[in-house]
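A short write-up of the structure that comes next.
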Amino acid sequence: MKMPASEGRRYMARAVKHEGPRRKVVMSCGRMETRILAYVDGRLKESERGEMEKHLVGCAACRVRVNEFRAVGDLLDELPVIEPSGAFNARVHALVAAEPEKRRSWLAWLAPSPRIAFVASMLLVATVWLGSRPVENPAIAETDLPVVENVDYDVISNFAPLSDLSQAPDDDSSDSDATSQQQQPQQM
Amino acid sequence: MTRSDVQLMLDVKAGDAQSFELLLQRYRTPLVNFLYRMVRNREQAEDLAQEVFLRVYRAREDYEPSAKFTTWLFRIATNLALNSLRDHRYQKLETSMDAPIVADAEDGDERPMEIADEHPDIEQHLVEEARKNMIRHAIEKLPEKQRAAVLLHKYQELDYAEISKVLQCSESALKSLLFRAYETLRVELAPLVASAAK
């Protein structure tokens, strides 16, 4: 028994309820749509398969459909397998051989390998950790540090304040430089 | 012990040319058949299959085994086939089943597309050929995506999750796509189905 496509579509859209004295709705024909192929393939879960089989017991149209889907699968199996031509592998080899050697961009050198990145990050962590540790050797106290004595504070006071430089005459820069250099010792 | 596809591909990535050769041996026939059934032109199918292997080779350095190898392989093949069909949409690419093809370019041997006549009865052979042609044409008439789904489901035996990844759609969309495709085939092949389903 074969069902025409138009009739099939109408019947697929209709939810067929199987009502009996002891059972309610088992499964609509519409729900079969997504499962019928998986059922034919044997890919349904145990519970789904049980539900499907319950439906098939009461629905002759779906039983026909299942058989016809199986038949389509068997027909597709009838097509012969073709073998690639004898030159197939040789052509692939030629294509692969013609591939240019991949050159590494100079930028690739900047990209760290995972190992180098790991080692570098570990070194960074270690450096930060060591740097943040308090000084553990109390032997070196502040008092033990060498004291710089007799600092010649005059060296510092020898520099003219910037405000004085800005007040220098502006008519001739070379003269003013010379003048300022000559004037500095006078300010001492 | 046979190495898995993923292991072979990782070996190719590491520079092992022999592993690429094994992948070529393993997948050349399924790929050529899949592509032939997609584009219905043998020469074009072989060109596309060669392109698939070239792309696999090119991508070796970036290969990460995040999905099944076959999913990746047939995704490349499907995309190439769909692009090729779009490019040749207005060209009729039907090949006559009687047209000779070069079976081996090295010795120039030519043979018809279908394998030898094992049937002494020519009438019986013609009936069988007509039957196969009917099946071929029914597949050919399917919309491209439905055709790819049926071929991956029926001939490559990929599971629904894999096919949905290849076709870049949800699993429920794929089930619906496959159902529609099988429905169309059921109608197209009605005379054959009726006798087979009895």
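Listed conditions (1) more than 8 Å from chain A (Cβ to nearest Cβ); (2) surrounded by fewer than 21 Cβ atoms within 10 Å (Cβ to Cβ); (3) part of a helix (DSSP H, G or I) are all met by B:Ala149, apart from (2). Among the residues of the range A:43-72, which ones are assigned to a loop (DSSP other than H, G, I, E, B) and under 20 Å from B:Tyr160 (Cβ atoms)? Of everything in the range A:43-72, those that are assigned to a loop (DSSP other than H, G, I, E, B) and under 20 Å from B:Tyr160 (Cβ atoms) turn out to be A:Arg43, A:Leu44, A:Lys45. If the condition is being touching an Asp or Glu at 6+ places or on another chain (Cβ under 6 Å) and modelled with pLDDT under 90, then the range B:55-101 contributes only B:Pro100. Every condition in (1) touching a residue at least 40 places away in the same chain (Cβ under 8 Å); (2) more than 10 Å from chain A (Cβ to nearest Cβ); (3) closer than 30 Å to B:Ala138 by Cβ is met by B:Pro65 except one, and the failing one is (3). If you filter the range B:152-198 down to residues that are within 7 Å of chain A (Cβ to nearest Cβ) and not in a helix (DSSP H, G or I), you find that the one that is nearest to B:Tyr27 (Cα to Cα) is B:Leu189. Would you confirm, using the coordinates I've provided, whether B:Tyr27 is among the aromatic types (Phe, Trp, Tyr) and in contact (Cβ under 8 Å) with a residue 12 or more places away in the chain? In short, yes.
The values are calculated or read from the model by the stated rules, or taken from the named source; none is laboratory data. Please read all numbers here as calculations on a predicted model, not as lab measurements. Note: ideal-geometry Cβ built from the backbone for every residue, glycine included; neighbour counts use all protein chains shown.
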